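Structure, as structure tokens:
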Amino acid sequence: MRRQHFTQLIGTLAAAALVGLPTLAFAQITGSAHDLSGGALSGGEICNVCHTPHNADATVTDAPLWDHEVTATVAFTVYSSTTLDATVGQPSGVSKLCLSCHDGTVAVDAFGGAGGTTLIGAIGTGSGDFGIDLSNDHPISFTYNTALATADGELFDPSTAASGITGTIDEDMLFSGNMECASCHDVHNAAGNTNLLLIDNAGSDLCLTCHDK
Ligand code: HEC
Ligand code: HEC
Ligand code: HEC
Ligand code: HEC
């Protein structure tokens, strides 16, 4: 289970205290690509596009009080290759939540029971629209455990290898042992890295957290 937010915040506070910064501006959703509070339906709120305190959609496993319309049953094309050891199935868990905006089939403003009209392809450059063909994207929604690391031979063991955040890869990056979109991204921008990355990828540090290359 991921648990980096609080400790990252403490780290930021400690760093600010050490260098004696007069003001503290830690990373947050406000002003990030996921700050959709300017939209007509959000009423100026930030969280309600994705979450609701009541009457949440509990159909997706691990969905945290979900408020956004989720992709209807569609057949995604998933990543495959001759060297892949993992068994990659249809997107599941928290990745389904990302895809509910990023697969371009459901409007970004379809939340709180409203139908919505604006597809993600119409926002910015449109590059956030992945479509339902994920064969050219890093694989997601599969078990990443000791057995997979052993079978592959060039992956760190997620149950023992440190993520560099606070604990192991499993604790900080996986969801019930699964690799998901949010294994690489922080939807809430807590770390403040470009592309909402969980770990900054300068020097390929994100990739090298899991891949022993
Ligand atoms: C663009 C969509 C989006 C917005 C906006 C958003 N969240 Fe989330 N949130 C998610 C997704 C997806 C997850 C599950 C994946 C994860 O935990 O990384 C999640 C997980 C959570 C969790 C459980 C895991 C954790 O990180 O502690 C909490 C609590 C939470 N969100 C609170 C909030 C609050 C409070 C706000 C507003 C200040 C907010 N979120 C805004 C999408 C969003
Ligand atoms: C409510 C809809 C919604 C959900 C749910 C959502 N996103 Fe986004 N996301 C957006 C929008 C809108 C943008 C801005 C697109 C643009 O400007 O091209 C965006 C941008 C991004 C970006 C680019 C950030 C940048 O700084 O340019 C990343 C990365 C991203 N999302 C990842 C995720 C991940 C991972 C999840 C799930 C954990 C997720 N998103 C869930 C709507 C959403
Ligand atoms: C293995 C790590 C990893 C996984 C898994 C991952 N991403 Fe990314 N993503 C990245 C990196 C690194 C970037 C930075 C830009 C690049 O290298 O293409 C990025 C960029 C993005 C962008 C910005 C692209 C753009 O051109 O606007 C979006 C949106 C995004 N990811 C969403 C997602 C979604 C949704 C998922 C799950 C379906 C996902 N990512 C899974 C690592 C990952
Ligand atoms: C949280 C862990 C994690 C991170 C971070 C991560 N990967 Fe992966 N990646 C994996 C796992 C696990 C597999 C599945 C390997 C297998 O089954 O052969 C994989 C698969 C791949 C594959 C496909 C291998 C094949 O045989 O087809 C490539 C290429 C790859 N990753 C590159 C990257 C790059 C580039 C980055 C950084 C942008 C990255 N990965 C970040 C865990 C990760």
Open item on the list: Six or more apart or on different chains, Cβ atoms under 9 Å: show the pairs whose first residue is in segment 146-157 and among the hydroxyl-bearing types (Ser, Thr, Tyr) and whose second is in a loop (DSSP other than H, G, I, E, B).
Closed with: Thr146/Asp157; Thr146/Pro158; Thr146/Ser159; Thr146/Thr160; Thr150/Asp157
TODO: Give me a count of the residues in segment 186-200 that are in contact (Cβ under 8 Å) with a residue 40 or more places away in the chain and either among the hydrophobic types (A, V, I, L, M, F, W, C) or open to solvent by 60 Å² or more (accessible area, probe 1.4 Å) (or both).
DONE: 6
- [ ] Residues that are among the hydroxyl-bearing types (Ser, Thr, Tyr) and either more than 10 Å from ligand 4 (Cβ to nearest atom) or under 18 Å from the mean Cα position of the chain (by Cα) (or both): find the helices (runs of 4 or more DSSP H) completely inside segment 95-213 holding 2 or more of those.
- [x] 146-152
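For segment 152-166, give me the residue count where each residue is open to solvent by less than 70 Å² (accessible area, probe 1.4 Å) and under 19 Å from Cys207 (Cβ atoms). Give the derivation first.
First, the residues of segment 152-166 that are open to solvent by less than 70 Å² (accessible area, probe 1.4 Å): 152-153, 155-159, 161, 163, 165-166.
From what is left, the residues that are under 19 Å from Cys207 (Cβ atoms) are 152-153, 155-158, 161, 163, 165.
So the answer is 9.
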TODO: Take Ala72 and decide whether it is in contact with a Leu (Cβ under 7 Å, 6 or more places away or on another chain) and of a type in the set (Gly, Ala, Ser).
DONE: no
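Taking into account only those residues within segment 28-50 that are hydroxyl-bearing (Ser, Thr, Tyr) and at pLDDT 90 or above, which is surrounded by the fewest Cβ atoms within 10 Å (Cβ to Cβ)?
Of the residues in segment 28-50, the ones hydroxyl-bearing (Ser, Thr, Tyr) are 30, 32, 37, 42.
Subset that is at pLDDT 90 or above: 30, 32, 37.
Details: Thr30: 10, Ser32: 16, Ser37: 16.
The selected residue is Thr30.
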Open item on the list: Which pairs turn up if I take residues in segment 62-85 that are not assigned by TED's automatic domain parsing to the domain that holds His51 and of a type in the set (Ser, Thr, Tyr) and look for partners that are open to solvent by less than 80 Å² (accessible area, probe 1.4 Å) and at pLDDT below 95 with beta carbon separation below 6 Å, at least 6 apart in sequence or on another chain?
Closed with: none
Open item on the list: Can you say whether Asp170 is charged (D, E, K, R), open to solvent by 30 Å² or more (accessible area, probe 1.4 Å) and over 19 Å from Gly93 (Cα atoms), as far as the supplied structure shows?
Closed with: no
TODO: Go through the residues of segment 72-87 one by one and say whether even a single one is touching a strand residue (DSSP E or B) at 6+ places or on another chain (Cβ under 7 Å) and surrounded by fewer than 16 Cβ atoms within 10 Å (Cβ to Cβ).
DONE: yes
Task: Evaluation of Glu180 against (1) without any contact (Cβ under 8 Å) to a residue 60 or more places away in the chain; (2) closer than 23 Å to Ser100 by Cβ; (3) of a type outside the set (S, T, N, Q) (one fails), failing number - done: (1)
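So is Gly203 within 21 Å of Trp66 (Cβ to Cβ) and either surrounded by fewer than 16 Cβ atoms within 10 Å (Cβ to Cβ) or within 14 Å of ligand 3 (Cβ to nearest atom) (or both) or not?
Judged against the criteria, Gly203 is not a match.
The values are calculated or read from the model by the stated rules, or taken from the named source; none is laboratory data. Not measured: the values here are computed from a predicted model. For neighbour counting, all protein chains shown are included, and Cβ atoms are generated from backbone atoms with ideal geometry for every residue, glycine included. These area figures cover heavy atoms from the full protein model, side chains too; ligands, DNA and RNA do not enter into them. Shrake-Rupley method; radii C 1.70, N 1.55, O 1.52, S 1.80 Å.
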